[in-house]
Amino acid sequence: MSQGSTVLPTTGVFSGLTEQGNINAALAALLSLNSGGSAPASPTQYQFWADTSVSNQVTLRWYIGATWVPLWVGDTNTDAIVDAPLSPKNWVAASGTHDAITATYDPPVTTLVDGTVLAFRATSANLTTAPTFNPNGLGAGSITKNGGAALAIGDIPGSLAEVQLRYNLANTRWELLNPPAVPVGGIVPYFGGTLPSGFALPQGQNLSATSFPAANAVLGTTYGNPGGGNFTMPDLRGRFFFNLDADGTGRITAAGGNFDGTVLGNAGGAQSRNLSASQIPQLSFTPSGTIGGSQSFANNLIIGGPGSTIDVGGNPVGWGNTLTVQGSNFTFTGNAGTVGNASPTQVAMIPPAMGINCMMRIA
């Protein structure tokens, strides 16, 4: 029933017919206030309304704060009654800034109870690791995840992202219940061809810092500084990546790998290379036993190379000469030979591999 006054007179004398008319008028007034396709114009707090705006359906609504909250829905054809979907009273579009988030709930949140769950639609991504949340002016509390860990930049993904928080009374903080699986700046191997929303291939391209503020906050100018409100993505085209050689292990150095592996974003290496003479292992022959008589190899036995010498027992023997190894009963002869290839083939440096997309989360 309506919580307002009735239309029945409270003074005077009236006949039975008059009384009957007054009662009918009052009932009609109550019916007009509490049912129909449009909400009552001047509802009172905790008033009920039978909403008939949907054909063959009645939704019982309860006026709380400034909203008609649905309680249950009845089907006028089957007389079936079901609970109404949960009211979004613990949800609101957020306000404030990207790292000082505020929200005004109706009915208002008046006390922060342990385990309270509130939700909001974000206006932007968090750009620091320590954003705060302040519902209905009750005070800003830090937002954490995974039992108190600091957020990563972009854990609140950005505009229109739906965020769920649970209040931790003992630590006066809000726990983010739905952080993304991949942080902004994280790489995911992807075997598909069409990337999902929020990801891009790191190909050294310039992106707008305004369009992707979280990625700009993470990457900065490490991979390029194009200016003009832009930032540069890493360029992973045709490259493997490795863990940064931190703490001076010396595993990737400029001397050994042609670049300094201790600097974030440094790149180097090659897919193939030519071996120099100094990189070819030295060959040594250690005869064992006796090969009867003198053995001659007059054709294609190759030892050393043009301009090189072979030292046997301290006696160097020049290229193209006859080499006799005393005491082992065999002789190397021959004045002609070819060492190496005039057009050397490069040695491959890439192990067996497969090319796939490595996509980076940017929003």
Margin query: Tell me the volume per residue, in Å³, of the convex hull enclosing the alpha carbons of the range 62-118.
Written below: 117
Next item on the list: Take every Cα-Cα distance within the range 89-176, group them into 10 Å bins from 0 onward, and report for each bin the whole-number percent of pairs it holds.
Entry: 19, 58, 22, 0
Next item on the list: Within 10 Å, count the other beta carbons around each residue, average over each peptide in 34-41, 351-358, and list them highest first.
Entry: 34-41, 351-358
Next item on the list: Treat each spin label as a single point 7 Å out from the Cα along the C-beta direction, and report the Val113 to Ile23 distance in nm.
Entry: 4.3
Margin query: Could you work out how much longer the chain between Ala170 and Arg273 gets when fully extended? Use 0.36 nm per residue separation minus the Cα distance between them, nm to one decimal.
Written below: 30.9 nm
Item checked: Alpha carbon convex hull of the range 38-190, volume per residue in cubic angstrom -> 165
Next item on the list: Obtain the nm distance between the two label points defined at Asp83 and Leu201 by a simple spin-label model: each point lies 7 Å from its Cα along the Cα-to-C-beta direction.
Entry: 4.9
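Read-outs throughout are calculated quantities, based only on the coordinates presented, and are distinct from any laboratory measurement. Predicted, not measured: the structure shown is a model, and the values here were computed from it. Quick reminder, even Gly has a Cβ in these numbers, built from the backbone with ideal geometry, and neighbours come from all protein chains shown.
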